[in-house]
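What follows draws every value from the coordinates through simple rules; no lab data is involved. Note that the structure is predicted; figures quoted are calculated from it, not measured. Cβ atoms come from the backbone with ideal geometry, glycine included; neighbour counts cover every protein chain shown.
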Amino acid sequence: MITYETRLGKISICEEYLSKLIGNEVTSCFGVVGMVPSTNKQKLFSRLSKNEQLDTGIKVIGNTDSITVELHIVVTYGMNINAIAASITEKVKYVVYEATGIEVEKVIVKIDGIKE
C-alpha cells in the first residue's frame, strides 16, 4: 500500500488498483494478445478461474516517490517487439502519472509468448 499525506488529507493507493489500471491499458495496446501469470498466486487463480483478470502478469514495486512495473505479456506473431514495448512503456508511465501523480521509474516488459 502506497500512502502519502497532502494538505487535504491522507491518500492510500493499493497495488491491486495500480495493477488493474495498468492491465487495462496494456491489454488495449496494439499487438498485445494477453497477459501471462507471473506469481504463483496468479497461476493458481488462472487455473481455477476461466476469466482472465486485469492484474494478471503485473508486478508493482515502489513507494510514493516512484514505482517500478514488471509486465509479462504475449504478443502477436510478426509484430515489432521493440515498438510494442516502447508503446507499452509510454502508455503505462502516462496513465499512472495522470491517475495517481506517482512517477513510474522503470517499466520492465517481458515477452513470455508469441501467438498467431
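Close Lys pairs in segment 47-116, defined as Cα atoms under 24 Å apart and 8 or more places apart or on different chains, number 13. Pairing the Cα long axis of helix 15-27 with the longest principal axis of the chain, what angle in degrees results, from 0 to 90 and rounded to the nearest 10? With rounding to tens, the tilt is 40 degrees. Give the separation of the Cα centroids, segment 1-29 to segment 72-116, in Å. Using only Cα atoms, the two centres lie 17 Å from each other.
Which residue, I11, I61, I84, has the most motion in a Gaussian network model of the chain that connects Cα atoms within less than 10 Å? Answer for the Gaussian network model of the chain: I11. Computed from Cα positions, the angle between helix 81-100 and the longest principal axis of the chain comes to roughly 20 degrees. Considering only T100, C29, I111, whose Cα is most displaced toward the positive end of the charge dipole of the chain, charges sitting on Cβ of Lys, Arg (+1) and Asp, Glu (-1)? Checking the options against the dipole of the chain, the answer is I111.
Taking chymotrypsin sites (Phe, Trp or Tyr not before Pro) as exposed when their DSSP state is a loop state and no more than 11 other Cβ atoms lie within 10 Å, the longest site-free interval of the chain runs over 31-76. Each of the trypsin sites (Lys or Arg not before Pro) that DSSP puts in a loop and that has at most 14 other Cβ atoms within 10 Å breaks the chain; the longest unbroken stretch is 51-116. Here segment 2-115 carries DSSP beta bridges of which approximately 55% are antiparallel, counting only pairs with both residues inside.
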